[in-house]
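To start, the structure under review is shown below, and the notes come after it.
The values are calculated or read from the model by the stated rules, or taken from the named source; none is laboratory data. These figures come from a predicted structure and were not determined experimentally. Please note: Cβ atoms are built from the backbone with ideal geometry, for glycine as well, and neighbour counts cover all protein chains shown. Protein only, heavy atoms only, side chains kept; ligands, DNA and RNA dropped before computing areas. Shrake-Rupley method; radii C 1.70, N 1.55, O 1.52, S 1.80 Å.
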Amino acid sequence: LISDKQRGSEFYFYLNLHSSMLCIPEIVAPPVAAEHPEKFLRANNTLPNWNNKMLLLIDDNSSNHLQLKKQLEKTRITLLLARSGSTARQLLMQRDDIDAVILSQTLPDMASPGLVSQLRKANIRIPIIVQGVDIKSEEKQLLMHAGVNDCLNKPVQVHELIQKIQPYFRTEKVR
């Protein structure tokens, strides 16, 4: 629970469900090849099976949460949502099961390069991909210098998102 006077409250919880408790059919598609996921998606019309991965989306816009959830639901990834940089920072400091982060370029409570710098100084090394509207090359350089792994321009297409994330899911997590 995170609560600030005059600003509101935000809470989150985690349900640790065993797969036998879920009514989801098995995915038979093989994982996406890390080298060319866009070609793989177009050629095979399948998505990767990320049922053992967790992605944190940091964005204050609920429609962006819904869009990303809709885009990725068939991959079976677990999606955590945070509406502010402070909530995200707290989640990332407390949890070690998050595999990657999608971070909005603009946040209500802090600048995204500042958040990334704080996380990197705290030795949180998971991949961070920033999404924004028309990220300019100088902005991208600033983000990369802060410790961002990559950037995406909105609106994000599912094949672009998978192409950016998949290579990080092929390697072991380093926290």
Whole-percent carbon and sulfur contribution to the accessible surface of region 85-175 (1.4 Å, no ligands, DNA or RNA) stands at 49 percent
For region 38-175 the mean separation of alpha carbon contacts under 8 Å (6+ apart) over residue count, i.e. relative contact order in percent, is 23 percent
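In the structure shown, do any of Lys69/Lys140; Lys5/Lys53; Lys53/Lys154; Lys5/Lys136; Lys70/Lys136 have a Cα-Cα gap over 30 Å, and if so which?
Violating the 30 Å limit, Cα to Cα: Lys5/Lys53; Lys5/Lys136.
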At R0 = 35 Å the Cβ-Cβ FRET efficiency linking Ala122 and Thr46, nearest 0.05, sits at 0.40
Percent relative contact order for region 88-129, counting Cα pairs under 8 Å at least six residues apart, stands at 52 percent
